[in-house]
Amino acid sequence: MTTPADYTEKIPNNVGLAEDRRLQRALESWQPNFLSWWESMGPALPARDVYLRTAINVGRDGWAQFGHVAMRDYRWGIFLAERAADRRIAFGQHKGEPAWQQVPGEYRSDLRRLIVIQGDTEPASVEQQRNLGATAPSLYDLRNLFQVNVEEGRHLWAMVYLLHAFFGRDGRDEAEDLLRRTSGSQDSPRILGAFNEETPDWLSFFMFTYFTDRDGKYQLGTLKESAFDPLSRTCEFMLKEEAHHMFVGTTGIDRVVERTAQLMVEHDTDDAGPHGAIPLNVIQKYLNFHYSVSLDLFGSETSTNAGNYFTAGLKGRWSEERRGDDHKLTDDAMFVDALVDAGNGQHSIGQAEVPALTGLNTDLRRRYIADCQSGVNRWNKILEDAGLPQRLKLPHIGFNRKVGAFAGIEASPDGELLSAGEWAERQAAWLPTQVDKTHVMSLMQPVYERGKIAAWIAPPRQGINGKPFSYQYVHLG
Ligand SMILES: [Fe+2]
Ligand SMILES: [Fe+2]
C-alpha cells in the first residue's frame, strides 16, 4: 500500500519519505541544487503565476489538481503508481518470479545506467525549451509550455528519488551529474543526441513534443515492465503525465497545418509563407528532422545490450503482457532493417534475419513508427478537409540517421541511396535550411493578450480543464 502524500513535508510524496530520515536528508540536500538549476536553466520568461496541473497523489482525484501557481513554488513531488499485490516478472530468465523491491547486486550498474539515461532527458528538454516563453503564440500555449516544463522537472525528481533510495553513494553522484550536464554544451552535453538539439521556435517545440516525447512514451513503456518494481511503478505514473506532452505536440501541429491550409486555400497558392503562415514544405522539413533524430533514440537496429537487458528482466517490450509468445525469445528470430549486400560491392536497404533478442530495439522502434503515422494521418485529414491535394509523410527509416545500421549512408526521404555529393546537393530540399529557420523565427512574435492568437497558428478547439481559450492562463510578472 502507498501512504497518502503529505504536504506538510518539504518534498510531497507517496513513498513514505517521512519514515526514512537518511533518504529524506539526501533529497533535501539535493533540492536546493535543483532549485538553483531551475532558476538558471528553467523557463526564462518571468511569470507571476500559471494555471498548472499539480500531482498531489496518484489516485483518480489527486493526480490532476488545477490552480494558479508561481512556478518556483510548484510542488515537485515523488509519486509511484500503487503497488500491485504479488506482482510477478513478466519476461526474461526470471519470468514468474516475484518482482524485485530492491536492486539485485548483479544488475546494479545496468539498472543505474538505464535510470540515468532516462533521467538525463528530463532536465534536458526543460533546457532546450527555456527561451520559448518569449515567443508564445498565446497564453494558452504559454501555459502548456510551462506545464510540460514543470512535469519534466518532476520526472527528474522521480529518477533522482530512485538513484538516492536504491543506489547509495553512486546514485547520489549520478543525481548531481544530472544537474551538471547541459543540453548543447561542448564540455558536458546531455547523453542522447536529440536532447542536445535546439528547440528555438514553436514549430520545433510541437515537433519535439510529438516525436521526441513520444520516444519517451515508448522508453517509459519498456521500463514500466521492469522486474525492479519501484522503477516500474515510477514509470507507470510518469506515462500518465507524458500523455499531455504528446497532446500538446499533436494538437499543436494540427493547428499549424490548419492555419497553413486555410491561407493556401484563401490565396490559392502552394506557398502560404508570404501570407504569414509556415509553408507546408517547411512543416514537412521540420517533421523530417524531428522524426529522424527521434528514430536514433531507439539505438542500433541490432543490440546485444537490449537482449541482455530483456533476459535479465530490466527492460521489457512495449505491452509485454499482451504478446502471444513465450516472453523469453531465446529460440526466436526476426527481421530487422539493415544494409544488405546487393552484389557487385553495392549495398541496398533491406532486411536481415537476427535472433529476436538482438532485434528488440527494432521491435520498439516499429511500434513507435506506427504510432507516429497516426499523427501524419490526422494532419493529412486536415489538408484533405481543406480541399488540398498535398500530403505530409514520414521519411524513410534510412533518412538522416546518425545511429545504427544507416549511420554510415545517406538516403532520400523515399529511401533512395545517395552518394555524399548527392546528399550535400539535395538535403536542403528535405531538412530545414537557415532560410527556413529564419522565416519560422520571424513569425515567432509573442501574443500575451487574453483570447488572442498569433497569425501562423489556429486557436485550439478547447481550453484546459474546461476553461475557455480566452481564460487568463498565465499572469506575467
Ligand atoms: Fe518526461
Ligand atoms: Fe515529456
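When the stretch 353-385 is examined, which residues are found to be among the small types (Gly, Ala, Ser) and surrounded by fewer than 16 Cβ atoms within 10 Å (Cβ to Cβ)? Lay out the reasoning, then the answer.
As a first pass, look at the stretch 353-385 and keep what is among the small types (Gly, Ala, Ser): 356, 359, 370, 374-375.
Correct list: 370, 374.
Consider the stretch 333-384. How many of its residues are part of a helix (DSSP H, G or I), of a type in the set (D, E, K, R) and touching a residue at least 24 places away in the same chain (Cβ under 8 Å)?
So the count comes out to 5.
Among the residues of the stretch 396-411, which ones are of a type in the set (A, V, I, L, M) and out of contact with any strand residue (DSSP E or B) (no Cβ under 9 Å at 6 or more places or on another chain)? Give the derivation first.
Applying the first criterion (of a type in the set (A, V, I, L, M)) to the stretch 396-411 yields 397, 403, 405, 407, 409, 411.
403, 407, listed by residue number.
Out of all the residues in the stretch 183-201, is one or more within 14 Å of ligand 2 (Cβ to nearest atom) and out of contact with any Asp or Glu (no Cβ under 8 Å at 6 or more places or on another chain)?
yes
Which of the residues belonging to the stretch 99-140 are closer than 28 Å to residue 459 by Cα and away from ligand 2 (no atom under 16 Å from the Cβ)?
Matches in the stretch 99-140: 131, 133, 134, 135, 136, 137, 138, 139, 140.
What are the pairs, 6+ residues apart or on separate chains, where a residue within the stretch 123-135 that is in contact (Cβ under 8 Å) with a residue 12 or more places away in the chain has its Cβ under 7 Å from a residue that is within 13 Å of ligand 2 (Cβ to nearest atom) and of a type in the set (Gly, Ala, Ser)?
Here the result reads 126/153, each pair linking the stretch 123-135 to a residue that is within 13 Å of ligand 2 (Cβ to nearest atom) and of a type in the set (Gly, Ala, Ser).
Looking at the stretch 409-419, which of the residues that are under 14 Å from residue 347 (Cβ atoms) and free of Cβ contacts under 8 Å to residues at least 40 places away in the same chain is surrounded by the fewest Cβ atoms within 10 Å (Cβ to Cβ)? Before the answer, list the steps.
As a first pass, look at the stretch 409-419 and keep what is under 14 Å from residue 347 (Cβ atoms): 409-411, 415-419.
Going one step further and asking which of them are free of Cβ contacts under 8 Å to residues at least 40 places away in the same chain, we end up with 410, 416, 418-419.
Working: 410: 20, 416: 14, 418: 17, 419: 10.
In this case the residue turns out to be 419.
Name the pairs whose Cβ atoms lie under 7 Å apart, with the first residue in the stretch 286-310 and at positive phi, the second at pLDDT 95 or above and among the small types (Gly, Ala, Ser), and 6 or more positions between them or separate chains?
299/306; 299/404
Tell me which residues, restricted to the stretch 195-208, are away from ligand 1 (no atom under 13 Å from the Cβ) and either surrounded by 22 or more Cβ atoms within 10 Å (Cβ to Cβ) or at pLDDT 95 or above (or both).
Of the residues in the stretch 195-208, the ones away from ligand 1 (no atom under 13 Å from the Cβ) are 196-207.
Once the filter is applied, which keeps residues that are away from ligand 1 (no atom under 13 Å from the Cβ) and either surrounded by 22 or more Cβ atoms within 10 Å (Cβ to Cβ) or at pLDDT 95 or above (or both), the stretch 195-208 yields 196, 199, 200, 201, 202, 203, 204, 205, 206, 207.
Is there any pair linking a residue in the stretch 204-220 that is farther than 9 Å from residue 294 by Cβ and near ligand 2 (Cβ under 9 Å from one of its atoms) to one that is of a type in the set (D, E, K, R) and part of a helix (DSSP H, G or I), with Cβ under 6 Å and at least six apart or on different chains, and which?
Within 6 Å, the pairs are 216/242; 217/242.
Limited to the stretch 91-106, what total is found for residues that are of a type outside the set (Gly, Ala, Ser) and not in a loop (DSSP other than H, G, I, E, B)? Break it down into steps so the answer makes sense when it comes.
Taking the stretch 91-106 and keeping what is of a type outside the set (Gly, Ala, Ser), we get 91, 93-95, 97-98, 100-104, 106.
The next check asks that each one be not in a loop (DSSP other than H, G, I, E, B); those that pass are 98, 100, 106.
The total comes to 3.
Does residue 152 satisfy the condition of being within 16 Å of ligand 1 (Cβ to nearest atom), in contact with a His (Cβ under 6 Å, 6 or more places away or on another chain) and not polar (S, T, N, Q)?
Working: within 16 Å of ligand 1 (Cβ to nearest atom): yes; in contact with a His (Cβ under 6 Å, 6 or more places away or on another chain): no; not polar (S, T, N, Q): yes.
No; evaluated as a whole, the condition is false for this residue.
Of all residues in the stretch 89-134, which are among the acidic types (Asp, Glu) and under 25 Å from residue 206 (Cβ atoms)? Step through it out loud before you land on a result.
Taking the stretch 89-134 first, the residues among the acidic types (Asp, Glu) are 97, 106, 110, 120, 122, 127.
Selection gives 120, 122, 127.
Return a yes/no flag: does the stretch 440-459 have any residue that is out of contact with any Gly (no Cβ under 9 Å at 6 or more places or on another chain), in a helix (DSSP H, G or I), within 24 Å of residue 264 (Cα to Cα) and touching a residue at least 60 places away in the same chain (Cβ under 8 Å).
Yes, the stretch 440-459 contains at least one residue that is out of contact with any Gly (no Cβ under 9 Å at 6 or more places or on another chain), in a helix (DSSP H, G or I), within 24 Å of residue 264 (Cα to Cα) and touching a residue at least 60 places away in the same chain (Cβ under 8 Å).
Failed condition for residue 164, given (1) within 15 Å of ligand 2 (Cβ to nearest atom); (2) more than 30 Å from residue 254 (Cα to Cα); (3) surrounded by fewer than 24 Cβ atoms within 10 Å (Cβ to Cβ); (4) not charged (D, E, K, R), with all others met?
(1)
What tally of residues in the stretch 410-432 results from selecting those that are touching a Lys or Arg at 6+ places or on another chain (Cβ under 8 Å) and in a loop (DSSP other than H, G, I, E, B)?
Matching residues across the stretch 410-432 total 5.
Can you tell me which residue is surrounded by the most Cβ atoms within 10 Å (Cβ to Cβ) among those in the stretch 467-477 that are modelled with pLDDT of 95 or more and either part of a loop (DSSP other than H, G, I, E, B) or acidic (Asp, Glu) (or both)?
Top of the filtered list is 473.
Is there any pair with a first residue in the stretch 53-79 that is under 15 Å from residue 13 (Cβ atoms) and a second that is assigned to a helix (DSSP H, G or I) and at pLDDT 90 or above whose Cβ atoms are under 6 Å apart and which are 6 or more apart or on different chains, and what are they?
Between residues of the stretch 53-79 that are under 15 Å from residue 13 (Cβ atoms) and residues that are assigned to a helix (DSSP H, G or I) and at pLDDT 90 or above, the close pairs are 58/237; 74/150; 76/153; 76/154; 76/157; 78/157; 78/161; 79/237.
From 218, 291, grab the single residue that is within 16 Å of ligand 1 (Cβ to nearest atom) and among the hydroxyl-bearing types (Ser, Thr, Tyr). Full working, then the answer.
Values: 291 fails: within 16 Å of ligand 1 (Cβ to nearest atom).
After applying the criteria, what remains is 218.
Which one is surrounded by the most Cβ atoms within 10 Å (Cβ to Cβ) among residues in the stretch 51-73 that are at pLDDT below 90 and within 13 Å of residue 147 (Cβ to Cβ)?
Filtering the stretch 51-73 down to residues at pLDDT below 90 leaves 54-65, 71-73.
From what is left, the residues that are within 13 Å of residue 147 (Cβ to Cβ) are 54-55, 64-65, 71.
On the way: 54: 20, 55: 23, 64: 14, 65: 15, 71: 19.
Among those residues, the one meeting the criterion is 55.
Just the residues that are assigned to a helix (DSSP H, G or I) and of a type in the set (Ser, Thr, Tyr), please, taken from the stretch 131-164. Working first, answer last.
We begin by selecting, within the stretch 131-164, every residue assigned to a helix (DSSP H, G or I); these are 132-135, 139-164.
If the condition is that a residue be assigned to a helix (DSSP H, G or I) and of a type in the set (Ser, Thr, Tyr), then 135, 140, 161 are the ones that fit.
The values are calculated or read from the model by the stated rules, or taken from the named source; none is laboratory data. No experiment lies behind these values; they were computed from the predicted model shown. Cβ sites come from the backbone with ideal geometry, for glycine too, and all protein chains shown count toward neighbours.
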